[in-house]
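Structure record follows, encoded as structure tokens.
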Amino acid sequence: MDLSNLKPAEGSVKDNKRVGRGQGSTRGGTSTRGHKGAKSRSGYKRKIGFEGGQMPLQRRVPKFGFKNINRIEYQGINLDTLQKLAIEKGISAFTQEVLIELGLVRKSERIKILGRGELISKIDVTAHAFTKTAIKAIEEQGGTANTIQN
């Protein structure tokens, strides 16, 4: 057996109905679309979520929640990540440029240093925001936590 003699299984492939081929074809006239109405016309497209006139689900379910358009999103980086990089790559000063180069954040993202993990190296970190535990851990090791003003 090779690619030249492959065929679908017997009966698995059917030809489409040849509709609208005259009155003698048994499928002429309305061409299996019924009489009149939007569904019988060409170019018919039902609205997304339409349920035949019944109140659609997205209108039956109540609205809730709130999206604050002024919310500032931060990309969080934990201390254990910084500690691991300090040991592996020998970095002692973490700036926005260094973190972008390492692939931890994108150019447009704001950085927040989070306090998970243990810090044993002295590191200097420059970021947009810090948690209290992160500042405490960095300063206990003799490092500095500098905030970028944007």
Answer yes or no as to whether Ala137 is surrounded by 16 or more Cβ atoms within 10 Å (Cβ to Cβ) and more than 15 Å from Thr81 (Cα to Cα). no
Which one is surrounded by the fewest Cβ atoms within 10 Å (Cβ to Cβ) among residues in the stretch 109-134 that are over 24 Å from the mean Cα position of the chain (by Cα), under 14 Å from Asn78 (Cβ atoms) and of a type in the set (D, E, K, R)? Glu118
Does at least one position in the stretch 104-122 carry a residue that is in contact with a Gly (Cβ under 6 Å, 6 or more places away or on another chain), at pLDDT below 95 and not polar (S, T, N, Q)? yes
Scanning the stretch 51-108 residue by residue, the ones that are surrounded by 10 or more Cβ atoms within 10 Å (Cβ to Cβ) and in a loop (DSSP other than H, G, I, E, B) total 8
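Being under 20 Å from Ile135 (Cα atoms), among the basic types (Lys, Arg) and out of contact with any Gly (no Cβ under 7 Å at 6 or more places or on another chain), is that true of even one residue in the stretch 77-84? Walk me through how you get there before you give the answer.
To start, the set of residues in the stretch 77-84 that are under 20 Å from Ile135 (Cα atoms) comprises 77-84.
Still in the running and among the basic types (Lys, Arg): 84.
Next, from what is left, pick out any that are out of contact with any Gly (no Cβ under 7 Å at 6 or more places or on another chain): 84.
Within the stretch 77-84, one or more residues are under 20 Å from Ile135 (Cα atoms), among the basic types (Lys, Arg) and out of contact with any Gly (no Cβ under 7 Å at 6 or more places or on another chain).
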Considering (1) over 28 Å from the mean Cα position of the chain (by Cα); (2) more than 30 Å from Arg18 (Cα to Cα); (3) among the polar types (S, T, N, Q), say which one Ser42 fails and leave the rest. (2)
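Of everything in the stretch 10-45, what is of a type outside the set (Ser, Thr, Tyr) and surrounded by 12 or more Cβ atoms within 10 Å (Cβ to Cβ)? Give them in sequence order.
Within the stretch 10-45, Val19, Gly20, Arg21, Arg27, Gly28, Gly29, Arg33 meet the criteria.
The values are calculated or read from the model by the stated rules, or taken from the named source; none is laboratory data. Remember, it's a predicted structure, so these values are computed and weren't measured experimentally. For neighbour counting, all protein chains shown are included, and Cβ atoms are generated from backbone atoms with ideal geometry for every residue, glycine included.
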